[in-house]
Amino acid sequence: MANTYTQIYMHVVFAVEGRQCLIASEHNDELQKYITGIVTAQKHKLIAINNMPDHLHMLIGLRPDAALSDLVRDVKAGSSKFINEKRWVMGRFSWQEGFGAFSHARSQLDTVIQYIQNQQEHHAKKSLRDEYVALLEKFGVEYDPKYIFKTDQAP
């Protein structure tokens with residue numbers, strides 16, 4: 001796409017199926033490197049990545065000719081297969097259906113990177129559900145509470 005110049009930064013969040021705490025901390029680096037490989041193989045730029053036992057955050061510089069949903073689908077499918085082949089969990093690992101995505105300006109990247117890198121400290125004070133709802137509300141995203149996570153009940 002000659003003469004196409006873009007800056008598309010997306011903060012993506014998705015959870016483990018049923019919000020189960022299945023990703024052991026000793027696997028974080030290997031999982032994050034694997035996901036980085038998926039993102040870069042599709043010629044996107046992975047700017048930041050971090051995961052908790054029950055969810056994952058990525059900040060991506062997205063190509064303008066690609067659909068974010070396709071990239072997230074490929075990351076989730078590839079990393080699920082990777083985790084299952086490594087046998088890191090009893091039974092079958094999968095990510096929950098859906099994801100949250102929030103766009104950012106270049107001037108906000110340092111703040112978003114710090115937020116992603118500090119997930120462990122952040123979640124010592126705030127649950128995934130509370131964090132996710134806060135992001136949705138901050139960005140003015142309409143949502144139905146019963147669909148945020150499969151295991152959640154509407155408040």
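Of the residues in the stretch 30-40, not one is small (Gly, Ala, Ser), touching a Ser or Thr at 6+ places or on another chain (Cβ under 6 Å) and part of a helix (DSSP H, G or I).
Entry remark, the stretch 43-80: residues being closer than 22 Å to residue 109 by Cβ and buried (at least 16 other Cβ atoms within 10 Å of the Cβ) number 21 in total. Contact map, the stretch 17-39: first residue among the basic types (Lys, Arg), second residue surrounded by 13 or more Cβ atoms within 10 Å (Cβ to Cβ) and assigned to a helix (DSSP H, G or I), Cβ cut-off under 9 Å, separation 6 or more or different chains; pairs are 19/128; 19/129. Of the set (1) within 18 Å of residue 58 (Cα to Cα); (2) surrounded by 17 or more Cβ atoms within 10 Å (Cβ to Cβ); (3) touching a residue at least 60 places away in the same chain (Cβ under 8 Å); (4) not polar (S, T, N, Q), all apply to residue 98 but (2).
Residues in the stretch 108-155 that are surrounded by 12 or more Cβ atoms within 10 Å (Cβ to Cβ), over 17 Å from the mean Cα position of the chain (by Cα) and not in a loop (DSSP other than H, G, I, E, B) were compared, and the one that is modelled with the lowest pLDDT is 145.
The values are calculated or read from the model by the stated rules, or taken from the named source; none is laboratory data. What you are looking at is a predicted structure, and each value in this text was computed from that prediction instead of being measured. Note that we place each Cβ from the backbone using ideal geometry, even for glycine, and neighbour counts take in every protein chain shown.
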